[in-house]
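Report on one structure; see the data block that follows.
The values are calculated or read from the model by the stated rules, or taken from the named source; none is laboratory data. Here the structure is a predicted model, which is why all the values come from computation and not from measurement. Heads up, the Cβs are rebuilt from the backbone with ideal geometry, glycines too, and the neighbour counts pull from every protein chain shown. In case anyone asks, the SASA skips ligands and DNA or RNA and just uses the protein heavy atoms, side chains included. Shrake-Rupley method; radii C 1.70, N 1.55, O 1.52, S 1.80 Å.
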Amino acid sequence: MPKLLKLTLLAAAVVATGAYAENFPASGKNITIIVPFPAGGPTDNLAHDLANALRKPLGTTPVIENAAGTGSTIGTAKVARAAPDGYTLLLNHIGMSTMPTLYRKLAFSVPNDFEYLGIINDVPMTLVGRPSLEANSYKELSAWLAQNKGKVNLGHAGLGSASHLCGLMYQSALQTNMTVVPYKGTAPAITDLIGGQIDLLCDQTTNTMAQIEAKKVKAYAVTTSQRLNSPSFKGVPTLAESGLKNFQVTIWHGLYAPKGTPVDVLKKINDSLKIALKDPEFVKKQESLGAVVATDKRTDPAEHKKFVQAEIQKWGSVIKAAGAYAD
Ligand code: ASP
């Protein structure tokens, strides 16, 4: 029998009997979650917490590998090309829905090159400023921005990142252009914000909260439609109530595998993810950082995919209106 046919028949038998999933993950074999942003940032921190919560249901703690750069396209492409065996996964955020419009050329297709494993959480963002900025409220920031037109530096984590999307929407709403300073992730961007090298950054609360509490950055506004309950955000207005009507952006994160990963392996990972999302320690940590763990139908693969497709449409119009593209 030709070798290829033999392998195909074997693969079909494995899928049919579910034998593959029974042995998944094989003992001694690591599952790697690729994070397309640097260590110490919000996406990376979430991946580590999720990996810990996955330990019990999967029987192993996935290893985190950071493959940062170019607004998460480098790490995402790496997973699209990886062997579809369940041992390489991707954790990425809303960037999955902005990249298809932002980049004229992408080395992968978001709808076609991935298996969808479920949404993990939703996270509000905060507009934060360097500690030496003289403005102490959003109102004062507005006046400062008006006085410093053309001189303001805004950091972000690369085209397609959450901070880029938020910054794009902010400049568009103010009808102004700031000098944008791209980083590989918001971990290095917030370090530069604290150091005063950049003026402003829009980032997930999971990254800003500790810095706000330590008074290392100034919190000006949140991007949700309602103010946040947490004591760290007491008195911090929403951008919508501060004159930027309809400004609303919440960052979601999801888990993916390369297209073609066996169905029973995907089921094992999705079942494990659903258990991990109920892990009390994981939920408590996420809540303490202002994030909301997903409990809705988006934790089902088909709904996750539908949701991402709707988000591609939604953010596509925003990006096209702002005329922001990368080649
Ligand atoms: N918060 C980053 C972003 O703006 C990603 C990261 O560094 O984790 O997309």
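Can you pull out the residues in segment 250-269 that are open to solvent by 10 Å² or more (accessible area, probe 1.4 Å) and part of a helix (DSSP H, G or I)? Break it down stepwise before answering.
Step one: list which residues in segment 250-269 are open to solvent by 10 Å² or more (accessible area, probe 1.4 Å), which gives 250, 259-260, 262-264, 266-268.
Listed by number, the residues that qualify are 263, 264, 266, 267, 268.
In contact with an Asp or Glu (Cβ under 9 Å, 6 or more places away or on another chain) and open to solvent by 30 Å² or more (accessible area, probe 1.4 Å) - does that describe any residue in segment 109-125?
First, the residues of segment 109-125 that are in contact with an Asp or Glu (Cβ under 9 Å, 6 or more places away or on another chain): 116, 118-119, 125.
Among the residues that remain, those that are also open to solvent by 30 Å² or more (accessible area, probe 1.4 Å) are: none.
So far as segment 109-125 goes, no, none of its residues is in contact with an Asp or Glu (Cβ under 9 Å, 6 or more places away or on another chain) and open to solvent by 30 Å² or more (accessible area, probe 1.4 Å).
Does segment 112-127 include one or more residues that are part of a loop (DSSP other than H, G, I, E, B) and at pLDDT 95 or above?
Just the residues of segment 112-127 that are part of a loop (DSSP other than H, G, I, E, B), to begin with: 112-113.
Imposing the further condition that a residue be at pLDDT 95 or above reduces the set to 112-113.
Among the residues of segment 112-127, at least one is part of a loop (DSSP other than H, G, I, E, B) and at pLDDT 95 or above, which makes the answer yes.
Return yes or no: is residue 63 over 21 Å from residue 186 (Cβ atoms) and touching a strand residue (DSSP E or B) at 6+ places or on another chain (Cβ under 6 Å)?
Details: over 21 Å from residue 186 (Cβ atoms): yes; touching a strand residue (DSSP E or B) at 6+ places or on another chain (Cβ under 6 Å): yes.
Criteria met by residue 63.
Applying the selection to segment 261-277, what residues are charged (D, E, K, R) and in contact with a Ser or Thr (Cβ under 8 Å, 6 or more places away or on another chain)?
274
Go through the residues of segment 106-114 one by one and say whether even a single one is within 15 Å of the ligand (Cβ to nearest atom) and touching a Leu at 6+ places or on another chain (Cβ under 8 Å).
Filtering segment 106-114 down to residues within 15 Å of the ligand (Cβ to nearest atom) leaves none.
No, segment 106-114 contains no residue that is within 15 Å of the ligand (Cβ to nearest atom) and touching a Leu at 6+ places or on another chain (Cβ under 8 Å).
Out of the residues in segment 180-211 that are more than 15 Å from residue 161 (Cα to Cα) and outside any helix (DSSP H, G or I), state the one that is farthest from the ligand (Cβ to nearest atom).
196
Might you check whether a residue that is touching a strand residue (DSSP E or B) at 6+ places or on another chain (Cβ under 8 Å), over 21 Å from residue 77 (Cα atoms) and not in a helix (DSSP H, G or I) occurs anywhere in segment 301-320?
No, segment 301-320 has no match at all.
Within the bounds of segment 240-247, is there any residue that is charged (D, E, K, R) and surrounded by fewer than 18 Cβ atoms within 10 Å (Cβ to Cβ)?
Yes - at least one qualifying residue is present in segment 240-247.
Tell me which residues, restricted to segment 39-81, are among the hydrophobic types (A, V, I, L, M, F, W, C), part of a loop (DSSP other than H, G, I, E, B) and open to solvent by 20 Å² or more (accessible area, probe 1.4 Å).
Here is the first cut: in segment 39-81, the residues among the hydrophobic types (A, V, I, L, M, F, W, C) are 39, 46-47, 50-51, 53-54, 58, 63-64, 67-68, 74, 77, 79-80.
Adding the requirement that they be part of a loop (DSSP other than H, G, I, E, B) leaves 39, 67-68.
Within segment 39-81, 39, 68 meet the criteria.
Check whether at least one residue in segment 91-101 is in a strand (DSSP E or B), in contact with a Ser or Thr (Cβ under 7 Å, 6 or more places away or on another chain) and more than 20 Å from residue 207 (Cβ to Cβ), and report yes or no. It would help to see each step written out before you state the result.
Applying the first criterion (in a strand (DSSP E or B)) to segment 91-101 yields 91-93.
With the extra rule that they be in contact with a Ser or Thr (Cβ under 7 Å, 6 or more places away or on another chain), the set shrinks to 91-93.
Right, trim to more than 20 Å from residue 207 (Cβ to Cβ) and you get none.
Within segment 91-101 (the criterion being in a strand (DSSP E or B), in contact with a Ser or Thr (Cβ under 7 Å, 6 or more places away or on another chain) and more than 20 Å from residue 207 (Cβ to Cβ)), the answer is no, since none of the residues qualifies.
Among 172, 161, which is the only one that is under 22 Å from the mean Cα position of the chain (by Cα), modelled with pLDDT under 95 and either within 13 Å of the ligand (Cβ to nearest atom) or buried (at least 24 other Cβ atoms within 10 Å of the Cβ) (or both)? It would help to see each step written out before you state the result.
Numbers: 172 fails: either within 13 Å of the ligand (Cβ to nearest atom) or buried (at least 24 other Cβ atoms within 10 Å of the Cβ) (or both).
It is 161.
Read through the list (1) in contact (Cβ under 8 Å) with a residue 60 or more places away in the chain; (2) open to solvent by 30 Å² or more (accessible area, probe 1.4 Å); (3) in a loop (DSSP other than H, G, I, E, B), then give the number of the only condition that residue 30 fails.
(1) is the only condition that residue 30 fails.
Look through 240, 276, 257, 210 and report the one residue that is free of Cβ contacts under 8 Å to residues at least 24 places away in the same chain and closer than 25 Å to residue 75 by Cβ. Don't jump to the end; show me each part of the working.
Details: 240 fails: closer than 25 Å to residue 75 by Cβ; 276 fails: free of Cβ contacts under 8 Å to residues at least 24 places away in the same chain; 257 fails: free of Cβ contacts under 8 Å to residues at least 24 places away in the same chain.
Exactly one of 240, 276, 257, 210 is free of Cβ contacts under 8 Å to residues at least 24 places away in the same chain and closer than 25 Å to residue 75 by Cβ, namely 210.
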